[in-house]
Amino acid sequence: MSEVLSTFQLRPGQEAPAFTLPDGKGQSHTLAEICEGKRVTVIAFVCNHCPFVIHLAEAMASFAKDYAARDVQVIAINSNDVENYPADSPQKMVDFARQYHWDFPYLYDESQQVALDYSAACTPDFYVFDDKQGLAYAGQFDATRPGKAGEISGNDLRKAVDHVLQTGEALAQPWQPSSGCNIKWKAGNAPGYF
């Protein structure tokens, strides 16, 4: 499996691109509605079949549970081409979320426009926004990867979120890029940042 890195195309302070997306059951959600009243929003581009996502799936559930009481909202978005990758279909998203105890929205970006708006490149790819929806961090969950030694801690993402909660400011760069499988683009959708 080859690793693709985060692009860092969104700049610190840049506003989170708005979206309206369905979940795996077809219910529509907007970024504004999900994040209303939240101090921090974490957006993760993921999918069901990627070994890099599966590697972190349980830890993502723990992270979301740990930070929910601190007004931190986690949102997962699947932008993969499900026609060619049926394991990432909306119904299987529901099953995946149930299997890994994801109690946060898991949304389907069928057009792939949201992934393009965020310049997302890999699964998983993490973005942290402050209470004004300004980018405060982008990068990895932690340094672990499938098949490599080390305990999954989420320490990079936790450090970034803790910093925003304590200071209201973006975490200073450099940010370590996330890495994982490339987003499975539909024909003609692949962006020029690879």
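Each value in this text was obtained by applying a stated rule to the coordinates, not by laboratory testing. A quick note: this is a predicted structure, and the numbers were derived from the prediction, not measured. Here the Cβ is made from the backbone with ideal geometry for all residues, glycine too, and neighbour counts use every protein chain on show.
What nm distance separates the two modelled labels at Ala68 and Glu110, each placed 7 Å from Cα along Cα→Cβ?
2.9
Lys and Arg at +1, Asp and Glu at -1: add these up for the other residues within a Cβ distance under 11 Å of Ser79 and post the number.
With Lys, Arg at +1 and Asp, Glu at -1, the net is -4.
May I ask you to compute the full-extension gain from Asn84 to Gln173, defined as 0.36 nm times their residue separation minus their alpha-carbon distance, rounded to one decimal in nm?
On the way: separation 89, 0.36 × 89 = 32.04 nm, distance 3.67 nm.
Once the chain is fully extended between Asn84 and Gln173, it gains 28.4 nm.
Would you calculate a helix-derived [θ] at 222 nm for the chain, using -39,500 (n - 2.57) for each DSSP H run of n ≥ 4 and dividing by the full residue count, to the nearest 500?
After summing the helix terms and dividing by residue count, I get -8000 deg cm²/dmol.
Among the Cys residues of the chain, which have no other cysteine Cβ under 4.7 angstrom away?
Taking the Cβ cut-off of 4.7 Å, the unpaired cysteines of the chain are Cys35, Cys47, Cys122.
Can you list the lysines whose alpha carbon is less than 28 Å from that of Lys132, not counting same-chain residues fewer than 8 positions off?
List returned: Lys38, Lys65, Lys159.
Kindly provide log₁₀ I(q)/I(0) values, in the same order as q = 0.09, 0.13, 0.16 Å⁻¹, from the Debye equation applied to equal alpha-carbon scatterers of the chain.
After summing over all Cα pairs, the log10 values are -0.28, -0.61, -0.97.
Using DSSP to call loops (not H, G, I, E or B), can you name the GluC sites (Glu not before Pro) in segment 91-194 whose Cβ has at most 10 other Cβ atoms within 10 angstrom?
Glu151
Which semi-axes, in whole Å and largest first, does the equivalent ellipsoid of segment 28-120 have when worked out from the alpha carbon gyration tensor as the square roots of 5 times its eigenvalues?
Those come to 21, 16, 11 Å.
Kindly identify segment 17-60 as rounded, prolate or oblate by the Cα gyration tensor criterion: order the square roots of the eigenvalues as a ≥ b ≥ c, call it rounded if a/c is under 1.5, otherwise compare a/b with b/c, prolate if a/b is larger, else oblate.
Judged from the Cα gyration tensor, segment 17-60 comes out oblate (a/c at least 1.5, b/c at or above a/b).
Straight distance only, please: which lysines reach the Cα of Lys92 with their own Cα at less than 21 Å, same-chain residues fewer than 8 apart left out?
Leaving aside lysines fewer than 8 places away in the same chain, those within reach of Lys92 are Lys25, Lys184, Lys186.
How big is the charge dipole of the chain about its Cα centre, in debye rounded to the nearest 20, if each Lys and Arg gets +1 on its Cβ and each Asp and Glu gets -1 on its Cβ?
It works out to roughly 220 debye.
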